[in-house]
Amino acid sequence: MSKSDVSLPTAPAPDAPTAIYKASCHCGAFAYTITQAPPLNDPSAQVMDCNCSICSRNGYLFIYTSNDRVEFTKGGIEQFKTYSFASKKMAHYFCGTCGASCMARSVDPSFFPGMTCVNVRMLEGVDLKTLNLKFADGASFDPTSA
Ligand SMILES: [Zn+2]
């Protein structure tokens, strides 16, 4: 696959239908809601299944949403443990107690500002088998960009 097979996040249309999903880490220290457009059961919805070094280890299946569509009901983004590597443009957030890899966010204002990668494995009531997975060949992507 070529680099063009890696889709990059784009903001959904303001009037696009949305669904709200509850999510939490395993131990419950972090709970949050994700407002997602389109809803995950929409045929146009895509969940990224990426083979890059971090996604494959963490088992990420992720969707993109804007930062303001991630709302914490317990804990907060600053309470997560963070991990960054290579260019350190992305912060990977995980629970310091149970280790659940919950989300990732760009910390570089010039690199997809305002976007959050949300691991759908943390979402409640989502049947992973029904998701429209899109393979992303992140392993072939320049690791300094990830
Ligand atoms: Zn936890």
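Before moving on, here are some points about what is shown:
- Residue in segment 128-142 that is out of contact with any strand residue (DSSP E or B) (no Cβ under 9 Å at 6 or more places or on another chain), on the phi > 0 side of the Ramachandran plot and small (Gly, Ala, Ser) present: no
- Elements of type strands (runs of 3 or more DSSP E) in segment 44-146, at least 3 residues being in contact with an Asp or Glu (Cβ under 9 Å, 6 or more places away or on another chain): 133-136
- Members of segment 59-82 found to be free of Cβ contacts under 8 Å to residues at least 12 places away in the same chain and under 24 Å from Phe135 (Cβ atoms), listed by number: none
- Near pairs, Cβ below 8 angstrom, 6+ apart or cross-chain, from segment 17-29 (more than 15 Å from Phe62 (Cα to Cα) and part of a loop (DSSP other than H, G, I, E, B)) to any residue that is of a type in the set (Gly, Ala, Ser) and away from the ligand (no atom under 16 Å from the Cβ): Pro17/Ala37; Thr18/Ala37
- Residue match in segment 72-82 (condition: more than 16 Å from the ligand (Cβ to nearest atom) and either out of contact with any His (no Cβ under 7 Å at 6 or more places or on another chain) or acidic (Asp, Glu) (or both)): no
- Selection of segment 8-51 for residues being surrounded by fewer than 17 Cβ atoms within 10 Å (Cβ to Cβ), hydrophobic (A, V, I, L, M, F, W, C) and either at pLDDT below 90 or within 16 Å of the ligand (Cβ to nearest atom) (or both) yields Leu8, Ala11, Ala13, Ala16, Cys27, Ala29, Ala31.
The values are calculated or read from the model by the stated rules, or taken from the named source; none is laboratory data. As the structure is a prediction and not an experimental result, all values here were calculated from the model. Here the Cβ is made from the backbone with ideal geometry for all residues, glycine too, and neighbour counts use every protein chain on show.
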